[in-house]
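Read-outs throughout are calculated quantities, based only on the coordinates presented, and are distinct from any laboratory measurement. Here the structure is a predicted model, which means the values were calculated and not measured. Cβ sites come from the backbone with ideal geometry, for glycine too, and all protein chains shown count toward neighbours.
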Amino acid sequence: MSGLEVLGAITGVLGVLPVAVDTLKTYKNIISSIRNAARDLASLIRDLETEQVRLQTTCEVPLEGIAPFSMIDDMTKDPFGATWEKYSHLLRLRLWESEREFKNYTLDMRDAAMELREKLCIYGDGSSRPKDKVSIIRELKKGASFTLNKKDYIDIVSRIKRGNLALSELASKSRGLEPTRQKRSQTRLIRLIRGLSNGIFNAIRNATTCACAAPHRVCLELAPRDAILIPSDVDEVVAQSLKFHVAFGSDISIGNRDTQEAYNLIKGQLMNRWNNIYFRLGSFEDNKAPTLSHSPSTITVPPTPPKSPRFVLWYRNDKVPEKANVQVTISPVNTSSQQVTDLCRMFIGKNKQPFLDCFGYIADTRRTFGIYPPTLYLDGCAILTLRELLEGKQSKVARFDYPEKLKVAHAIAVNTLHLHSTQWVEESLTLDNVIFFLPNNRDDADIVSLARPFVVRDLLTPYNKQITSSNTSRPINLAVFSLGALLVQVMIGRVESSLEMAGVMDVRTVLSKRDAGKRLFDQLLESGGANYKSAVEWCFDSVLHVAGLQNDKCCQQFFQEVVSRLEEDVQLLSEN
């Protein structure tokens, strides 16, 4: 039973108790002349009203700090409503592994509530069968389940009280342990995503065996991910719920001319043709070290429902990518798929079979990744780097306003953490390796959303690690500082030469750039707000910290001080 289902069971009991109290009050008024019966009913009413209030309070505890205060009352009255679903991952974090105990107690309370309905002859619509004194006495004489004797309700009330006490204690303890649990979950998630993203890059490189003259480039969408991992979750199962959106770039103007001249034509430029796909981890039961032979083999990969292809038009009302829901175990279906050893050939072939559920799989030395068709195609799109966007070189871009800036900043911050020291982002994201895909049709310019950035990477060229002075007396946290400089430029909407991260970066140079960045804080506060400024300020002040993003403690501080602040602003923006 998930956290949402547990709370649904609680609110299910809440739905019975007020009806039972109203019914008892009706019976009490009808038989008020029978002194003992009226006294027993009054006592039973008090007990149930007390338990109703206690259970209502317990139900509110898991929602405190998760749902807006203005919504909590309505949410407790509307179990399983649409407003609950968006907070399910946070409820899962709060309940943690107490879900089992919550389940046992809530199920027992629900059973007790159902017995209460039966004994009081309450119908499903909340109405009662006996309507007057005569009908009540007739029902009592039948000797069936209907009873108004208090002793017949002692066990039911006792079970509800016992469950209430246990749930209240579990909810309070879970609330207090949430910060520590969030850190543990984040640590596992960071390691999982870094491992998966490295595996996907290596698998793509293994499957790029073509003789194309131009080296291919690949892009990974910088999608925010916030899956919740509790101790009972298996990493490989959680990984199957995570999708990675990748674009594979080719230069069709050069073809397969394997010459240095052809290479020089595109050196340092972005490709002019892109094929995009989704990757997802294959069934972990079959994730054995594969051989990269050209002979067909099979692997179990999770299925994706077939979808009709559409060409990309990203509208301004695009929402932040949904958070991964890992509480439902994915049951892979045996789908026989061939290992892809030449992605170029696969992309040519897929144009002839556009409605395949799965194109096959690629592999690194440890994992296999299923290849799935996208719902939005990027072929024919123009490319815009973040630098070009901030320099205003693309006049056809309609708007890059506060909502887009904030979402881009959030995506960059999250992926600075999740992709640090991977094949995709060895040191930091920059103005030149963050790109956007835009439709070439100028008529679409006014509806383009720039809230979905990608990181671009050359498949063959190794990263040039940022040069630091060999004489520096202490470590420099360049990844975090570079992010702060990038966030400043994104929000103020222009490139600042004083924040360029080029050349040798020693302590003196970095501190000089930090001072230059801080001189822009007034503009940053005006453009981005206090939360945004605080996130950047932490990045600047952490530049001389000994620990970097390879350290778990630093990662947790980064998440709390930077990612959480930006995420809060994105959430507030979406609620407006």
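Each peptide in 405-417, 108-120 gets a packing score, the mean of other Cβ atoms within 10 Å over its residues, and the list from highest to lowest is 405-417, 108-120.
Give the calculated FRET efficiency between R175 and R345 to the nearest 0.05, with a Förster radius of 51 Å applied to their Cβ-Cβ distance. Working from the Cβ atoms, E equals 0.40.
Determine, for M491, M346, the number of other Cβ atoms within 10 Å of each Cβ, and report the residues in order from fewest to most.
So the ranking, lowest neighbour count to highest, is M346, M491.
With a Förster radius of 30 Å applied to the beta-carbon distance between L511 and E391, the computed FRET efficiency rounds to 0.65. One decimal place: the segment K151-N104 gains 14.4 nm when fully extended, by the rule 0.36 nm per residue minus the C-alpha distance. Among 199-205, 480-486, the peptide with the highest mean count of other Cβ atoms within 10 Å heads the list, and the full ranking is 480-486, 199-205. Residue-wise HN-Hα couplings along the stretch 187-203, as the Karplus relation 6.51 cos²θ - 1.76 cosθ + 1.60 with θ = phi - 60° gives them from phi, are 4, 5, 5, 4, 5, 5, 5, 4, x, 5, 5, 5, x, 5, 4, 5, 5 Hz; Gly and Pro carry x. Between E568 and A42, the contour length at 0.36 nm per residue exceeds the alpha carbon distance by 184.5 nm. Of E561, E85, the sequence from fewest to most neighbouring Cβ atoms within 10 angstrom is E85, E561.
When peptides 235-241, 48-54 are sorted by average Cβ neighbour count within 10 Å, with the highest value leading, the order is 235-241, 48-54. Summing Cβ point charges (Lys, Arg +1; Asp, Glu -1) relative to the Cα centre of the stretch 168-233 gives a dipole of roughly 220 debye.
Full extension of the chain between D401 and N551 gives 50.6 nm of extra length, using 0.36 nm per residue less the Cα-Cα distance. Each residue, E236 and V504, gets one label point 7 Å from its Cα in the Cβ direction; the gap between the two is 4.9 nm.
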